[in-house]
1. Working only within the stretch 95-104, note down all residues that are part of a helix (DSSP H, G or I) and either surrounded by fewer than 16 Cβ atoms within 10 Å (Cβ to Cβ) or free of Cβ contacts under 8 Å to residues at least 60 places away in the same chain (or both).
2. Filter the stretch 105-148 down to residues that are in a loop (DSSP other than H, G, I, E, B) and in contact (Cβ under 8 Å) with a residue 12 or more places away in the chain and give me whichever is farthest from residue 46 (Cα to Cα).
3. Check whether at least one residue in the stretch 15-31 is farther than 23 Å from residue 154 by Cα, in contact with a strand residue (DSSP E or B) (Cβ under 6 Å, 6 or more places away or on another chain) and surrounded by 12 or more Cβ atoms within 10 Å (Cβ to Cβ), and report yes or no.
4. For residue 78, indicate whether it is surrounded by fewer than 14 Cβ atoms within 10 Å (Cβ to Cβ), modelled with pLDDT of 95 or more and closer than 30 Å to residue 26 by Cα.
5. For the stretch 1-82, which helices (runs of 4 or more DSSP H) that fit wholly inside it have 1 or more residues that are within 20 Å of residue 128 (Cβ to Cβ), touching a residue at least 40 places away in the same chain (Cβ under 8 Å) and in contact with a helix residue (DSSP H, G or I) (Cβ under 6 Å, 6 or more places away or on another chain)?
6. Before we move on, is residue 86 in a helix (DSSP H, G or I), surrounded by fewer than 16 Cβ atoms within 10 Å (Cβ to Cβ) and modelled with pLDDT of 95 or more?
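The values are calculated or read from the model by the stated rules, or taken from the named source; none is laboratory data. No experiment lies behind these values; they were computed from the predicted model shown. Quick reminder, even Gly has a Cβ in these numbers, built from the backbone with ideal geometry, and neighbours come from all protein chains shown.
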(Lines give C-alpha, C1' and ligand atoms only; values in the text may rest on other atoms or scores of the structure.)
Protein backbone atom coordinates (compact mmCIF):
# COMPACT_ATOMS: atom_id res chain seq x y z
CA UNK A 1 0.00 0.00 0.00
CA UNK A 2 1.33 3.44 -0.90
CA UNK A 3 1.90 5.98 1.90
CA UNK A 4 -0.99 8.22 0.79
CA UNK A 5 -3.37 5.27 0.82
CA UNK A 6 -2.24 4.54 4.36
CA UNK A 7 -2.82 8.15 5.37
CA UNK A 8 -6.36 8.43 4.00
CA UNK A 9 -7.22 5.12 5.66
CA UNK A 10 -5.70 6.45 8.89
CA UNK A 11 -7.86 9.58 8.65
CA UNK A 12 -11.04 7.53 8.22
CA UNK A 13 -10.09 5.32 11.19
CA UNK A 14 -9.22 8.29 13.43
CA UNK A 15 -12.38 10.19 12.50
CA UNK A 16 -14.52 7.13 13.25
CA UNK A 17 -12.92 6.65 16.69
CA UNK A 18 -13.24 10.33 17.49
CA UNK A 19 -16.89 10.55 16.47
CA UNK A 20 -17.63 7.44 18.56
CA UNK A 21 -16.18 9.22 21.59
CA UNK A 22 -17.99 12.49 20.86
CA UNK A 23 -21.29 10.63 20.47
CA UNK A 24 -21.28 10.18 24.27
CA UNK A 25 -21.70 13.94 24.76
CA UNK A 26 -25.05 15.66 25.04
CA UNK A 27 -26.25 18.44 22.75
CA UNK A 28 -25.34 21.13 25.27
CA UNK A 29 -21.73 19.96 25.42
CA UNK A 30 -21.52 19.87 21.63
CA UNK A 31 -22.64 23.48 21.37
CA UNK A 32 -21.03 24.97 24.52
CA UNK A 33 -19.09 28.10 23.63
CA UNK A 34 -15.37 27.34 23.45
CA UNK A 35 -12.34 29.64 23.14
CA UNK A 36 -11.68 28.68 19.52
CA UNK A 37 -12.45 30.47 16.27
CA UNK A 38 -15.16 27.94 15.42
CA UNK A 39 -16.96 28.61 18.70
CA UNK A 40 -17.92 25.07 19.73
CA UNK A 41 -17.06 21.43 19.36
CA UNK A 42 -19.73 20.70 16.76
CA UNK A 43 -18.77 23.73 14.69
CA UNK A 44 -15.12 22.61 14.78
CA UNK A 45 -16.11 19.15 13.54
CA UNK A 46 -18.36 20.75 10.92
CA UNK A 47 -15.46 22.92 9.73
CA UNK A 48 -13.30 19.84 9.25
CA UNK A 49 -16.05 18.11 7.31
CA UNK A 50 -16.76 21.15 5.12
CA UNK A 51 -13.09 21.53 4.23
CA UNK A 52 -13.01 17.83 3.28
CA UNK A 53 -16.04 18.54 1.10
CA UNK A 54 -14.38 21.58 -0.50
CA UNK A 55 -11.22 19.60 -1.30
CA UNK A 56 -13.28 16.72 -2.69
CA UNK A 57 -14.99 19.19 -5.01
CA UNK A 58 -11.63 20.69 -5.97
CA UNK A 59 -10.27 17.23 -6.81
CA UNK A 60 -13.30 16.56 -9.00
CA UNK A 61 -13.23 19.98 -10.65
CA UNK A 62 -16.65 20.84 -9.21
CA UNK A 63 -17.88 23.96 -7.44
CA UNK A 64 -18.44 23.49 -3.73
CA UNK A 65 -20.58 26.59 -3.17
CA UNK A 66 -18.98 27.46 0.17
CA UNK A 67 -18.49 31.14 0.98
CA UNK A 68 -16.98 30.75 4.45
CA UNK A 69 -14.81 28.25 6.31
CA UNK A 70 -16.75 28.90 9.51
CA UNK A 71 -20.52 28.88 8.99
CA UNK A 72 -22.70 29.44 12.02
CA UNK A 73 -25.22 26.81 10.87
CA UNK A 74 -24.30 23.16 11.16
CA UNK A 75 -26.10 19.83 10.88
CA UNK A 76 -27.04 17.85 13.97
CA UNK A 77 -24.39 15.50 15.28
CA UNK A 78 -25.84 12.34 13.74
CA UNK A 79 -26.04 13.86 10.26
CA UNK A 80 -22.54 15.30 10.59
CA UNK A 81 -21.17 11.92 11.66
CA UNK A 82 -22.83 10.21 8.67
CA UNK A 83 -21.48 12.83 6.27
CA UNK A 84 -17.98 12.52 7.71
CA UNK A 85 -18.02 8.73 7.41
CA UNK A 86 -19.23 8.97 3.81
CA UNK A 87 -16.61 11.48 2.76
CA UNK A 88 -13.86 9.55 4.54
CA UNK A 89 -14.91 6.46 2.57
CA UNK A 90 -14.80 8.52 -0.61
CA UNK A 91 -11.24 9.70 0.11
CA UNK A 92 -10.12 6.10 0.80
CA UNK A 93 -11.61 4.90 -2.48
CA UNK A 94 -10.38 7.92 -4.45
CA UNK A 95 -6.85 7.79 -3.06
CA UNK A 96 -6.58 4.07 -3.69
CA UNK A 97 -7.78 4.33 -7.29
CA UNK A 98 -5.32 6.99 -8.47
CA UNK A 99 -2.22 6.02 -10.42
CA UNK A 100 1.10 7.59 -9.44
CA UNK A 101 0.92 9.94 -12.43
CA UNK A 102 -2.63 10.99 -11.46
CA UNK A 103 -1.44 11.67 -7.90
CA UNK A 104 1.29 13.97 -9.21
CA UNK A 105 -1.02 15.83 -11.62
CA UNK A 106 -1.71 19.42 -10.61
CA UNK A 107 -5.22 20.70 -10.06
CA UNK A 108 -6.29 24.34 -10.03
CA UNK A 109 -8.80 25.68 -7.52
CA UNK A 110 -10.01 28.82 -5.78
CA UNK A 111 -9.54 29.29 -2.05
CA UNK A 112 -12.76 29.94 -0.13
CA UNK A 113 -11.31 33.21 1.16
CA UNK A 114 -10.33 34.25 -2.35
CA UNK A 115 -7.38 33.70 -4.61
CA UNK A 116 -6.34 30.95 -6.95
CA UNK A 117 -4.30 27.93 -5.99
CA UNK A 118 -2.70 24.92 -7.58
CA UNK A 119 -1.53 21.69 -5.95
CA UNK A 120 -0.88 18.10 -6.94
CA UNK A 121 -3.57 15.61 -6.02
CA UNK A 122 -1.05 13.99 -3.66
CA UNK A 123 -0.49 17.30 -1.87
CA UNK A 124 -4.25 17.84 -1.59
CA UNK A 125 -4.68 14.43 0.03
CA UNK A 126 -1.80 15.13 2.42
CA UNK A 127 -3.39 18.45 3.30
CA UNK A 128 -6.80 16.85 3.94
CA UNK A 129 -5.26 14.34 6.36
CA UNK A 130 -3.11 16.96 8.09
CA UNK A 131 -5.93 19.51 8.36
CA UNK A 132 -8.26 17.06 10.07
CA UNK A 133 -5.51 15.91 12.43
CA UNK A 134 -4.88 19.52 13.39
CA UNK A 135 -8.53 20.20 14.23
CA UNK A 136 -8.98 16.82 15.91
CA UNK A 137 -6.40 18.16 18.38
CA UNK A 138 -8.56 21.23 19.00
CA UNK A 139 -11.58 19.02 19.50
CA UNK A 140 -9.66 16.74 21.89
CA UNK A 141 -8.83 19.76 24.02
CA UNK A 142 -12.54 20.55 24.25
CA UNK A 143 -13.23 16.98 25.37
CA UNK A 144 -10.75 17.38 28.22
CA UNK A 145 -12.76 20.41 29.35
CA UNK A 146 -15.73 18.04 29.76
CA UNK A 147 -13.57 15.51 31.63
CA UNK A 148 -13.80 13.15 28.67
CA UNK A 149 -10.67 11.31 27.58
CA UNK A 150 -10.35 11.42 23.79
CA UNK A 151 -9.33 8.23 22.03
CA UNK A 152 -5.73 7.67 20.98
CA UNK A 153 -5.79 8.53 17.29
CA UNK A 154 -2.07 8.61 16.62
CA UNK A 155 -0.83 7.22 13.32
CA UNK A 156 1.36 4.74 15.22
CA UNK A 157 -1.72 3.31 17.00
CA UNK A 158 -3.51 2.94 13.66
CA UNK A 159 -0.52 1.17 12.11
CA UNK A 160 -0.20 -1.18 15.07
CA UNK A 161 -3.92 -2.02 15.09
CA UNK A 162 -4.24 -2.51 11.34
CA UNK A 163 -1.11 -4.65 11.13
CA UNK A 164 -2.40 -6.82 13.98
CA UNK A 165 -5.76 -7.14 12.24
CA UNK A 166 -4.09 -7.96 8.91
CA UNK A 167 -1.92 -10.62 10.62
CA UNK A 168 -5.04 -12.30 12.04
CA UNK A 169 -6.71 -12.64 8.64
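1. From the stretch 95-104, those part of a helix (DSSP H, G or I) are 95-97, 100-104; that's our starting set.
96, 97, 100, 101, 102, 104 - these are the residues of the stretch 95-104 that are part of a helix (DSSP H, G or I) and either surrounded by fewer than 16 Cβ atoms within 10 Å (Cβ to Cβ) or free of Cβ contacts under 8 Å to residues at least 60 places away in the same chain (or both).
2. First, the residues of the stretch 105-148 that are in a loop (DSSP other than H, G, I, E, B): 105, 111-115, 146-148.
Imposing the further condition that a residue be in contact (Cβ under 8 Å) with a residue 12 or more places away in the chain reduces the set to 105, 112-113, 146, 148.
Details: 105: 29, 112: 15, 113: 17, 146: 19, 148: 20 Å.
Filtering first and then ranking leaves 105.
3. The answer is no; no qualifying residue exists.
4. yes
5. The qualifying helices (runs of 4 or more DSSP H) are 3-22, 41-60.
6. yes
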